[in-house]
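Each reported figure results from applying straightforward, stated rules to the coordinates on display, with no laboratory input. Computed from a prediction, not measured in an experiment: that's the story for all the values here. Heads up, the Cβs are rebuilt from the backbone with ideal geometry, glycines too, and the neighbour counts pull from every protein chain shown.
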Amino acid sequence: MNMERTEELRVVNHPVAKVDSEALVTGKAVYTNDLAPADCLIVKIVRSPHAHALIKEIDTSRAEAVPGIECVLTYKDCPDKRFTLAGQTYPEPSPYDRLILDQRMRFVGDAAAIVAGTSEEAVKKAMKLVKIKYEVLEPVLDFRKAKDNPILVHPEENWRSLCNVGADNKRNLCAHDVCGEGDVDAVLDSCDYVIDRVYHTKANQQTMMETFRTYTYMDAYGRLNVVSSTQVPFHVRRILGNALDIPKHKVRVIKPRIGGGFGAKQTSVSEVYPALVTWKTGKPAKIIYTREESMIASSPRHEMEMHVRVGADKEGRIRAIDLHTLSNTGAFGEHGPTTVGLSGHKSIPLYGSPEAFRFTYDVVYTNVMSAGAYRGYGATQGIFAVESAVNELAQTLGMDPTVLREKNMVREGMVMPAYYGETTKSCALDRCMARAKEMIGWDEKYPCRDMGNGKVRGVGVAMAMQGSGISHVDTGSVAIKVNDDGYYSLMIGATDMGTGCDTILTQMAAECLDCDMSDILVHGVDTDVSPYDCGSYASSTTYVTGMAVVRTCETLRKKICERGAEYLGCSVEDVEFDGQKVTNLKTGESITRRDIGNKVMSFNNEPLSASEAFSSPTSPPPFMVGMAEVEIDKETGVPELIDYVAVVDCGTVVNPSLARVQVEGGIAQGIGMALYEDIVYNEKGKNYSNSFMQYKIPSRLDVGTIRVEFESSYEPTGPFGAKSIGEIVINTPSPAISNAIQNVVGVIIRELPMTAEKIYWGMQKDK
């Protein structure tokens, strides 16, 4: 087997239906709550009404007396051992700053007590009877004032950071770093033009259909079994072992179908609470977050403020980029140290190799809901800032923003100093730009057109890059076994959360093994039997786990040839495997894959299987160009997205149908971030955005027309030339729409979301 170019592929690069499509459309797919037994204890959380407070007294006696209540647990019932809920490879960069339940409340909605009972009615009644006396403390709510604030979010002495990420809990610092190349200040001082701006992106909720949910039970061997809607089963096993202070081998995690995640379920939001109940009582327990709980006590996108300086000469050559990111991790540090890095390392490199760059950041603790992973994972925020600054530079230069990018964009073969010194082995960004301009009719529509009805239309542009897994960190592994009758079992540890990774990995296996996809049964995640995989995040599955599939299939093909040669009584050098049979090239004698499988299974032979892992020293970036056409009512400032075109370079497109819906869905989420979504807190830290009535996500009617095409490069280190696609697709809408508004009415909005009110007052200011 070899990884051929796309024109020679049978299964890969073809629009194959999802392997679970029939189950999904017929309602047969099984989710977490479908598996929970009827006699599960119902678990709910009593949550803090204060942003910052100490529990002075807590009386659970009246609650415990309610019929049907099994237990009421407080901080006194939990191990005093801190851990992190971040689903990351060990040792986690995120600090160990949590207890299951703590005496100190750090945001409105923080867990103060756990109530478990036989019915929801009993639990709800008991929750009202838990009496807590708080010492209310002054909170830190403004993340701009958090660093070195005398009020500490985490004053405890057993706070610890496993990795050197610049964290210091006595300074409210979750992470800090400085990196760069060249003398940025000197180069900027010598530039003809310098853009110096500050951009602000708010926190955003993932709003997946299935809220956080977990059920737990003890098996006959005294092990804690956890069935959960999670993106990171193997990390959850470690997290629960740490949280409960029990050996990891005492925990088993099973992932059924997931009703969406988008990064939210890379944090172990719900698992610790029923796990503690089951560990304490020995009884099965489940927790299902309400939509309100998912909005006020989850893991939204990090709020960030970015100070950008971009310097260029008169011809538009970008000479220096300086970026400082201030990130609000909230009450806890989940994903704070890792997310912030992408704001610079996935934005600055879009402009190739400037003479100098500098990227600095601070991640700070505050007394609001802790942030986590969200599709784009920090790159979304950084790209909004850097791309918006470049669009402002184009305006200052009097230059078409597409032309400015064509002069400066990274191209194949270039070294990217700001992207860890990696070289672009595959890059079609230039072709993406050219095709996007054709699709939207850029030259005819730029900058704007008066429609003659009180409305004006204009176009805007942005570029983006992401990564394909985390280099030197993310690991994927698979196992493939030949069964009787010759069918294959593909065991994976990657988590399909609706993205179709089960299908994509099966396509790759079928391509490698020269068989039909129907010959392969794919099995999801059970930490007891699945090979280790870091999970589905950081755009890792197609690239990292995909390469593990390729390696495993190569090993298995060799083993099939060896076993076939043994049965044929010849040397392995004399045989060939065509996917259906092993043939002796000298005699023409052959044995089918079915017969090999039956012989292996029936005659006590060594199992015919293979397992390989893959971890990459590089993370080849996919690239994308997005262009928006926006119409604005000059009387009201109301924006309407008319058209959005996207051209993506994700290397070889493994499954065009699945890739297309990934792009369309990500763009829709990006449009929501750009125009609608806003988490609002009051002066005491209470989250007002606690339902879909208060937190607006775009409907199909709000996103206009979305058109997607692919300009494929070929990534030599990826499976069949593939790179990732899952995250990059959310990164271009905010800066592209901002640029369109800029070109239509001259209003530059540097804080998301870009509402009609902001546009209107911007127009009034300019009059």
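Taking the Cα centre of the range 376-415 as the origin, how large is its charge dipole in debye, to the nearest 20, when only Lys and Arg (+1) and Asp and Glu (-1) carry charge on their Cβ atoms?
In total the dipole reaches around 80 debye.
Suppose R0 equals 51 Å. What FRET efficiency, 1/(1 + (r/R0)^6) with r the Cβ-Cβ distance, do K586 and Y90 give to the nearest 0.05?
FRET efficiency, K586 to Y90: 0.50.
Taking the dipole about the Cα centre of the chain, with the C-beta of Lys and Arg at +1 and of Asp and Glu at -1, give me whichever of M218, V653, I725 is farthest to the positive side.
Among M218, V653, I725, the one farthest towards the positive end of the dipole of the chain is M218.
Tell me, what HN-Hα J-couplings in whole Hz come from the Karplus equation 6.51 cos²θ - 1.76 cosθ + 1.60 at θ = phi - 60° for each residue of the range 610-624, using x for Gly and Pro?
Listing the rounded values in order: 8, 8, 9, 10, 8, 9, 9, x, 10, 9, x, x, x, 10, 7 Hz.
Give the lysines whose C-alpha is closer than 19 Å to that of K18, dropping any in the same chain fewer than 8 places away, or say none.
Within reach: K28, K255.
Indicate, rounded to the nearest 5 percent, the antiparallel portion of the DSSP beta bridges found entirely in the chain.
Just about 80 percent of them are antiparallel.
Treating only the Cβ of Lys, Arg, Asp and Glu as charged (+1, +1, -1, -1), what charge dipole size does the range 250-355 show about its Cα centre? Round to the nearest 20 debye.
760 debye
Based on the Cβ-Cβ distance of K767 and D313, what FRET efficiency does E = 1/(1 + (r/R0)^6) give at R0 = 41 Å, to the nearest 0.05?
0.75
In whole Hz and in residue order, list the ³J(HN,Hα) couplings for the range 498-513 that follow from phi through the Karplus curve 6.51 cos²θ - 1.76 cosθ + 1.60, θ = phi - 60°; x for Gly and Pro.
x, 6, x, 5, 4, 5, 4, 5, 5, 4, 4, 5, 5, 5, 5, 9
Rank by packing, highest mean first: peptides 192-198, 496-502, with packing defined as the count of other Cβ atoms within 10 Å averaged across residues.
With the highest mean Cβ count within 10 Å placed first, the list reads 496-502, 192-198.
With θ set to phi - 60°, apply the Karplus curve 6.51 cos²θ - 1.76 cosθ + 1.60 along the range 132-148 and write out the HN-Hα couplings as whole Hz, x wherever there is a Gly or Pro.
3J(HN,Hα) across the range 132-148, in whole Hz: 10, 9, 9, 9, 6, 10, 6, x, 9, 10, 8, 5, 6, 10, 7, 4, 6.
Stretch K76-V638 to full length: gain in nm at 0.36 nm per residue minus the Cα-Cα span?
Full-extension gain reported as 197.0 nm.
Quick one: if you take sqrt(5λ) for each eigenvalue of the C-alpha gyration tensor of the range 281-415, what semi-axes come out, biggest first, whole angstrom?
38, 14, 13
Treating only the Cβ atoms of Lys and Arg (+1) and Asp and Glu (-1) as charged, compute the dipole magnitude of the chain about its Cα centre; round to the nearest 20 debye.
2000 debye
At 222 nm, what value in deg cm²/dmol follows for the chain if DSSP H runs of at least 4 each add -39500 (n - 2.57) and the sum is divided by all its residues, to the nearest 500?
Calculated from helices alone, the mean residue ellipticity at 222 nm is -8000 deg cm²/dmol.
Run through the range 687-759 and list the chymotrypsin sites (Phe, Trp or Tyr not before Pro) located in a DSSP loop whose Cβ has at most 15 other Cβ atoms within 10 Å.
Y688, F692
Quick one: what does P(r) look like for the range 71-185 with 5 Å bins over all Cα pairs, in whole %?
Histogramming the range 71-185 at 5 Å steps yields 2, 9, 14, 17, 17, 14, 10, 8, 4, 2, 1, 1, 1, 0 percent.
For K558 and D443, what is the calculated FRET efficiency with R₀ set at 45 Å and r taken between the beta-carbons, to the nearest 0.05?
0.25
Give me D for the chain in µm² s⁻¹, whole number, from Stokes-Einstein with Rh from the Kirkwood sum over alpha-carbon pairs, 10 °C and 1.306 mPa s.
58 µm²/s
For the range 293-446, what proportion of DSSP beta bridges, expressed in % and rounded to the nearest 5, is antiparallel?
The answer is about 55 percent antiparallel.
Sort the following peptides by mean Cβ neighbour count (other Cβ atoms within 10 Å, averaged over residues), highest first: 503-511, 747-755.
Descending packing order for the listed peptides: 503-511, 747-755.
Percent relative contact order of the range 306-410, based on C-alpha pairs within less than 8 angstrom and at least six residues apart?
Relative contact order for the range 306-410 comes out at 34 percent.
Kindly list the residues of the range 488-504 that lie in the label zone of L24, defined by a backbone N under 19 Å from the point 7 Å along the Cα-to-C-beta vector.
So the set is 492-504.
Let's test this: bin the Cα-Cα distances of the range 498-588 at 5 Å from zero up to the farthest pair and state each bin's percent.
In whole percents, the pair-distance histogram is 2, 13, 20, 20, 15, 11, 9, 6, 3, 1, 0.
Indicate, rounded to the nearest 5 percent, the antiparallel portion of the DSSP beta bridges found entirely in the range 630-767.
Around 45 percent antiparallel, to the nearest 5.
Distance cut-off 30 Å, Cα to Cα: go down the list K145/K407; K44/K133; K250/K286; K634/K684; K128/K280 and report the pairs above it.
K145/K407; K634/K684
Could you work out how much longer the chain between A756 and R197 gets when fully extended? Use 0.36 nm per residue separation minus the Cα distance between them, nm to one decimal.
199.0 nm
Find how much the distance from N164 to D142 grows on full extension, using 0.36 nm per residue of separation minus their present alpha carbon separation; answer in nm with one decimal.
Gain in length upon complete extension: 5.3 nm.
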